[in-house]
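Only one structure is covered here, and it is reproduced in the block below.
The values are calculated or read from the model by the stated rules, or taken from the named source; none is laboratory data. These figures come from a predicted structure and were not determined experimentally. Please note: Cβ atoms are built from the backbone with ideal geometry, for glycine as well, and neighbour counts cover all protein chains shown.
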Amino acid sequence: MSETHIRVKNTVTMIGLPTDRNSSYLRGPAKAPKAIRAALFSDQGNAFTELGLNLQAEGVLSDAGDLSLTESHADAEVIASAISSQLDRDHRVLSLGGDHSVTFPIIQAYARKYAGLHIVQFDAHPDLYLDFRSNPNSHASPFARILEHGLARALVQIGIRTMTPPQRVVADRYDVKSFGCYELGAAANALPDGPVYVSIDMDALDPAFAPGVSHREPGGLSVREILELIWRLPGDIVGADIVELNPDEDFRGMSAAAASKFAKELIYRMAT
Ligand SMILES: [Mn+2]
(Lines give C-alpha, C1' and ligand atoms only; values in the text may rest on other atoms or scores of the structure.)
Protein backbone atom coordinates (compact mmCIF):
# COMPACT_ATOMS: atom_id res chain seq x y z
CA MET A 1 0.00 0.00 0.00
CA SER A 2 1.50 3.34 -0.93
CA GLU A 3 1.12 6.42 1.19
CA THR A 4 -1.10 8.07 -1.43
CA HIS A 5 -3.88 5.64 -0.49
CA ILE A 6 -3.82 6.59 3.17
CA ARG A 7 -6.04 9.46 4.15
CA VAL A 8 -4.63 11.59 6.95
CA LYS A 9 -7.39 12.96 9.17
CA ASN A 10 -5.49 14.32 12.16
CA THR A 11 -2.16 15.89 12.93
CA VAL A 12 -0.32 14.28 15.81
CA THR A 13 1.83 16.44 18.05
CA MET A 14 4.67 14.71 19.81
CA ILE A 15 5.70 16.26 23.11
CA GLY A 16 8.46 15.24 25.51
CA LEU A 17 7.90 15.18 29.27
CA PRO A 18 11.38 14.81 30.74
CA THR A 19 10.59 14.13 34.38
CA ASP A 20 11.62 11.60 36.95
CA ARG A 21 10.25 13.21 40.02
CA ASN A 22 7.79 10.46 40.90
CA SER A 23 9.97 7.45 40.16
CA SER A 24 10.13 5.25 43.26
CA TYR A 25 13.29 3.25 42.52
CA LEU A 26 15.75 4.17 39.76
CA ARG A 27 16.02 7.50 37.98
CA GLY A 28 16.40 7.71 34.21
CA PRO A 29 13.05 8.11 32.39
CA ALA A 30 13.65 11.89 32.19
CA LYS A 31 16.23 11.04 29.51
CA ALA A 32 13.73 9.00 27.48
CA PRO A 33 12.20 11.66 25.15
CA LYS A 34 15.64 12.39 23.68
CA ALA A 35 16.39 8.67 23.25
CA ILE A 36 13.02 7.92 21.61
CA ARG A 37 13.33 10.84 19.18
CA ALA A 38 16.87 9.77 18.27
CA ALA A 39 15.66 6.23 17.50
CA LEU A 40 12.61 7.49 15.61
CA PHE A 41 14.62 9.71 13.30
CA SER A 42 17.70 7.48 13.08
CA ASP A 43 19.09 6.23 9.78
CA GLN A 44 18.72 2.70 11.19
CA GLY A 45 15.17 2.79 9.78
CA ASN A 46 12.90 4.93 7.63
CA ALA A 47 9.93 7.18 8.36
CA PHE A 48 7.23 4.80 7.11
CA THR A 49 4.84 2.86 9.32
CA GLU A 50 4.17 -0.81 8.62
CA LEU A 51 1.04 0.06 6.60
CA GLY A 52 2.94 2.63 4.58
CA LEU A 53 2.21 6.02 6.12
CA ASN A 54 5.13 8.42 5.76
CA LEU A 55 5.48 10.22 9.09
CA GLN A 56 7.28 13.01 7.25
CA ALA A 57 4.34 13.65 4.91
CA GLU A 58 2.64 17.02 5.23
CA GLY A 59 0.26 17.29 8.20
CA VAL A 60 1.05 13.95 9.84
CA LEU A 61 3.43 14.77 12.67
CA SER A 62 4.53 17.90 14.45
CA ASP A 63 7.10 17.95 17.23
CA ALA A 64 6.51 20.39 20.09
CA GLY A 65 9.86 19.52 21.67
CA ASP A 66 10.30 18.91 25.38
CA LEU A 67 8.46 20.81 28.09
CA SER A 68 10.61 22.69 30.58
CA LEU A 69 9.86 20.82 33.76
CA THR A 70 11.39 21.75 37.09
CA GLU A 71 10.83 18.57 39.11
CA SER A 72 8.39 20.48 41.31
CA HIS A 73 4.69 20.35 42.17
CA ALA A 74 4.07 22.91 39.44
CA ASP A 75 4.99 20.40 36.72
CA ALA A 76 1.58 18.71 36.69
CA GLU A 77 -0.17 21.95 35.74
CA VAL A 78 2.50 22.72 33.12
CA ILE A 79 1.85 19.30 31.55
CA ALA A 80 -1.95 19.61 31.67
CA SER A 81 -1.98 23.06 30.09
CA ALA A 82 0.51 22.10 27.37
CA ILE A 83 -1.66 19.12 26.42
CA SER A 84 -4.81 21.27 26.54
CA SER A 85 -3.34 23.83 24.16
CA GLN A 86 -2.61 21.08 21.61
CA LEU A 87 -6.11 19.66 21.99
CA ASP A 88 -7.53 23.17 21.52
CA ARG A 89 -5.81 23.15 18.09
CA ASP A 90 -7.55 19.83 17.37
CA HIS A 91 -4.22 18.01 17.33
CA ARG A 92 -3.87 14.59 18.88
CA VAL A 93 -0.99 14.20 21.28
CA LEU A 94 1.67 11.53 21.65
CA SER A 95 3.48 12.21 24.92
CA LEU A 96 6.94 10.79 25.55
CA GLY A 97 7.58 10.28 29.26
CA GLY A 98 8.96 10.55 31.77
CA ASP A 99 7.81 8.31 34.53
CA HIS A 100 4.20 7.09 34.55
CA SER A 101 2.98 9.87 36.87
CA VAL A 102 2.67 12.12 33.79
CA THR A 103 -0.43 10.23 32.63
CA PHE A 104 -2.62 11.80 35.34
CA PRO A 105 -2.16 15.45 34.27
CA ILE A 106 -2.35 14.37 30.61
CA ILE A 107 -5.70 12.71 31.24
CA GLN A 108 -6.91 15.75 33.19
CA ALA A 109 -6.46 17.70 29.96
CA TYR A 110 -8.01 14.96 27.81
CA ALA A 111 -11.06 14.63 30.05
CA ARG A 112 -11.86 18.30 29.47
CA LYS A 113 -12.12 17.60 25.74
CA TYR A 114 -13.39 14.02 25.58
CA ALA A 115 -16.35 12.85 27.65
CA GLY A 116 -16.52 9.10 28.18
CA LEU A 117 -12.84 8.51 27.46
CA HIS A 118 -11.68 4.90 27.58
CA ILE A 119 -8.12 4.10 28.61
CA VAL A 120 -6.06 1.11 27.52
CA GLN A 121 -2.92 0.66 29.60
CA PHE A 122 -0.09 -1.70 28.68
CA ASP A 123 1.95 -2.30 31.81
CA ALA A 124 3.52 -4.93 34.05
CA HIS A 125 2.05 -3.00 36.98
CA PRO A 126 -1.53 -1.91 37.73
CA ASP A 127 -0.36 1.51 39.07
CA LEU A 128 -3.45 1.58 41.27
CA TYR A 129 -1.89 2.33 44.65
CA LEU A 130 -3.85 5.03 46.50
CA ASP A 131 -0.41 6.22 47.48
CA PHE A 132 2.98 4.59 47.27
CA ARG A 133 5.54 5.28 50.00
CA SER A 134 3.43 8.25 51.08
CA ASN A 135 3.49 9.80 47.60
CA PRO A 136 -0.03 10.02 46.10
CA ASN A 137 1.56 11.25 42.85
CA SER A 138 3.90 8.27 42.64
CA HIS A 139 4.39 6.57 39.28
CA ALA A 140 2.65 3.62 40.99
CA SER A 141 -0.57 5.66 41.46
CA PRO A 142 -1.66 7.55 38.31
CA PHE A 143 -4.61 5.29 37.48
CA ALA A 144 -5.94 5.48 41.05
CA ARG A 145 -5.92 9.29 40.67
CA ILE A 146 -7.58 9.16 37.23
CA LEU A 147 -10.35 6.83 38.39
CA GLU A 148 -11.13 8.58 41.68
CA HIS A 149 -11.47 11.88 39.78
CA GLY A 150 -13.90 10.22 37.37
CA LEU A 151 -11.74 11.13 34.35
CA ALA A 152 -12.25 7.86 32.47
CA ARG A 153 -15.30 5.85 31.58
CA ALA A 154 -13.37 2.59 31.79
CA LEU A 155 -9.83 1.26 32.15
CA VAL A 156 -8.48 -1.87 30.44
CA GLN A 157 -5.04 -3.00 31.62
CA ILE A 158 -2.98 -5.52 29.63
CA GLY A 159 0.24 -7.28 30.59
CA ILE A 160 -0.32 -7.03 34.34
CA ARG A 161 1.83 -9.41 36.38
CA THR A 162 2.29 -7.65 39.73
CA MET A 163 -1.24 -7.23 41.13
CA THR A 164 -1.33 -6.80 44.93
CA PRO A 165 -4.30 -6.88 47.37
CA PRO A 166 -4.50 -3.08 47.93
CA GLN A 167 -4.48 -2.50 44.17
CA ARG A 168 -7.06 -5.27 43.66
CA VAL A 169 -9.40 -3.35 45.99
CA VAL A 170 -9.09 -0.26 43.78
CA ALA A 171 -9.44 -2.32 40.59
CA ASP A 172 -12.66 -3.87 41.89
CA ARG A 173 -14.02 -0.53 43.11
CA TYR A 174 -13.78 0.98 39.62
CA ASP A 175 -14.46 -2.20 37.65
CA VAL A 176 -11.02 -2.14 36.03
CA LYS A 177 -10.52 -4.91 33.45
CA SER A 178 -7.04 -6.18 34.26
CA PHE A 179 -5.48 -8.85 32.02
CA GLY A 180 -2.30 -10.84 32.50
CA CYS A 181 -0.02 -11.94 29.66
CA TYR A 182 -1.67 -15.39 29.58
CA GLU A 183 -5.09 -14.09 28.54
CA LEU A 184 -4.48 -11.89 25.50
CA GLY A 185 -7.46 -13.35 23.64
CA ALA A 186 -9.78 -12.14 26.39
CA ALA A 187 -7.94 -8.82 26.47
CA ALA A 188 -8.45 -8.38 22.72
CA ASN A 189 -12.17 -8.98 23.16
CA ALA A 190 -12.31 -6.33 25.90
CA LEU A 191 -10.71 -3.60 23.77
CA PRO A 192 -13.07 -0.61 23.81
CA ASP A 193 -14.89 1.31 21.13
CA GLY A 194 -15.33 5.09 21.26
CA PRO A 195 -12.58 7.60 22.04
CA VAL A 196 -9.61 5.75 23.51
CA TYR A 197 -6.39 6.88 25.15
CA VAL A 198 -3.48 4.40 25.04
CA SER A 199 -0.76 4.44 27.70
CA ILE A 200 2.26 2.21 27.09
CA ASP A 201 4.59 1.57 30.00
CA MET A 202 7.67 0.02 28.44
CA ASP A 203 7.86 -2.54 31.25
CA ALA A 204 4.76 -4.21 29.80
CA LEU A 205 7.28 -5.77 27.42
CA ASP A 206 9.34 -8.72 28.46
CA PRO A 207 12.79 -7.44 29.54
CA ALA A 208 14.19 -9.52 26.65
CA PHE A 209 12.58 -6.98 24.30
CA ALA A 210 13.12 -3.92 26.47
CA PRO A 211 15.76 -4.19 29.19
CA GLY A 212 15.82 -0.40 29.46
CA VAL A 213 13.25 0.06 32.20
CA SER A 214 13.51 0.81 35.91
CA HIS A 215 11.41 -2.16 37.03
CA ARG A 216 12.15 -5.31 35.00
CA GLU A 217 9.37 -7.86 35.28
CA PRO A 218 10.10 -11.04 33.33
CA GLY A 219 7.37 -12.99 31.59
CA GLY A 220 6.07 -9.99 29.67
CA LEU A 221 4.63 -9.17 26.28
CA SER A 222 6.41 -9.09 22.94
CA VAL A 223 6.63 -6.00 20.75
CA ARG A 224 4.46 -7.78 18.17
CA GLU A 225 1.75 -8.68 20.70
CA ILE A 226 1.37 -5.03 21.70
CA LEU A 227 1.34 -3.87 18.06
CA GLU A 228 -1.38 -6.42 17.23
CA LEU A 229 -3.55 -5.17 20.09
CA ILE A 230 -3.03 -1.53 19.05
CA TRP A 231 -4.10 -2.41 15.49
CA ARG A 232 -7.12 -4.40 16.68
CA LEU A 233 -8.42 -1.63 18.95
CA PRO A 234 -11.88 -0.82 17.57
CA GLY A 235 -11.99 2.62 19.18
CA ASP A 236 -10.61 5.90 17.84
CA ILE A 237 -7.20 6.48 19.44
CA VAL A 238 -7.28 10.18 20.36
CA GLY A 239 -4.11 10.30 22.43
CA ALA A 240 -1.28 8.18 23.74
CA ASP A 241 1.83 8.12 25.85
CA ILE A 242 4.97 6.01 25.98
CA VAL A 243 6.49 6.09 29.46
CA GLU A 244 9.07 4.54 31.77
CA LEU A 245 11.82 3.98 29.21
CA ASN A 246 15.05 4.23 31.20
CA PRO A 247 17.96 4.84 28.80
CA ASP A 248 20.48 4.29 31.61
CA GLU A 249 19.32 0.67 31.84
CA ASP A 250 19.09 0.09 28.08
CA PHE A 251 21.24 -2.30 26.05
CA ARG A 252 22.54 -0.84 22.78
CA GLY A 253 19.39 1.22 22.30
CA MET A 254 17.12 -1.79 21.77
CA SER A 255 14.44 -0.55 24.21
CA ALA A 256 14.51 2.92 22.65
CA ALA A 257 14.03 1.23 19.27
CA ALA A 258 10.99 -0.63 20.63
CA ALA A 259 9.59 2.63 22.05
CA SER A 260 10.08 4.36 18.69
CA LYS A 261 8.30 1.47 16.96
CA PHE A 262 5.29 1.99 19.25
CA ALA A 263 5.48 5.74 18.55
CA LYS A 264 5.30 5.13 14.79
CA GLU A 265 2.34 2.78 14.90
CA LEU A 266 0.45 4.91 17.45
CA ILE A 267 0.94 7.94 15.20
CA TYR A 268 -0.47 5.87 12.32
CA ARG A 269 -3.59 5.00 14.34
CA MET A 270 -4.08 8.58 15.56
CA ALA A 271 -3.45 10.26 12.22
CA THR A 272 -5.60 8.07 9.94
MN1 LIG B 1 5.02 -0.35 35.00
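Which one of these does ALA152 not meet: (1) closer than 15 Å to VAL176 by Cα; (2) within 14 Å of the ligand (Cβ to nearest atom)?
Every condition holds for ALA152 apart from (2).
Taking the condition closer than 19 Å to ALA256 by Cβ and surrounded by 17 or more Cβ atoms within 10 Å (Cβ to Cβ), does ILE6 pass?
Against the criterion (closer than 19 Å to ALA256 by Cβ and surrounded by 17 or more Cβ atoms within 10 Å (Cβ to Cβ)), ILE6 does not qualify.
Here's a check for you: in the stretch 20-55, which residue that is polar (S, T, N, Q) and at pLDDT 95 or above is nearest to ASP88 (Cα to Cα)?
Selected residue: ASN54.
What's the number of the only condition in (1) on the phi > 0 side of the Ramachandran plot; (2) within 15 Å of the ligand (Cβ to nearest atom) that ASP175 fails to meet?
The number of the failed condition is (2).
Considering only the stretch 107-133, state which residues are under 17 Å from the mean Cα position of the chain (by Cα) and of a type in the set (Phe, Trp, Tyr).
Once the filter is applied, which keeps residues that are under 17 Å from the mean Cα position of the chain (by Cα) and of a type in the set (Phe, Trp, Tyr), the stretch 107-133 yields TYR110, PHE122.
So which residues in the stretch 134-149 are within 17 Å of the chain's Cα centre (by Cα), away from the ligand (no atom under 12 Å from the Cβ) and either under 28 Å from PHE209 (Cβ atoms) or surrounded by fewer than 16 Cβ atoms within 10 Å (Cβ to Cβ) (or both)?
ALA144, ILE146
Restricting the search to the stretch 113-127, which residues are under 16 Å from SER199 (Cα atoms) and either within 12 Å of the ligand (Cβ to nearest atom) or not in a loop (DSSP other than H, G, I, E, B) (or both)?
HIS118, ILE119, VAL120, GLN121, PHE122, ASP123, ALA124, HIS125, PRO126, ASP127
For the stretch 85-133, give me each residue that is of a type in the set (Asp, Glu) and either crowded, with 24+ Cβ neighbours inside 10 Å or touching a Phe, Trp or Tyr at 6+ places or on another chain (Cβ under 7 Å) (or both).
Answer for the stretch 85-133, where residues must be of a type in the set (Asp, Glu) and either crowded, with 24+ Cβ neighbours inside 10 Å or touching a Phe, Trp or Tyr at 6+ places or on another chain (Cβ under 7 Å) (or both): ASP99, ASP123, ASP127.
Tell me which residues, restricted to the stretch 130-151, are under 19 Å from VAL243 (Cα atoms), of a type outside the set (S, T, N, Q) and touching a helix residue (DSSP H, G or I) at 6+ places or on another chain (Cβ under 6 Å).
HIS139, PRO142, ALA144, ARG145, ILE146
Pairs needed: first member in the stretch 226-250, under 19 Å from THR272 (Cβ atoms); second member anywhere, acidic (Asp, Glu); C-beta distance under 6 Å; at least 6 residues apart or different chains.
Correct list of pairs: LEU227/GLU265; ILE230/GLU265; PRO234/ASP193; GLY235/ASP193.
Please count how many residues of the stretch 168-192 are of a type in the set (D, E, K, R) and either surrounded by 15 or more Cβ atoms within 10 Å (Cβ to Cβ) or within 14 Å of ALA124 (Cβ to Cβ) (or both).
Adding up the residues that qualify gives 1.
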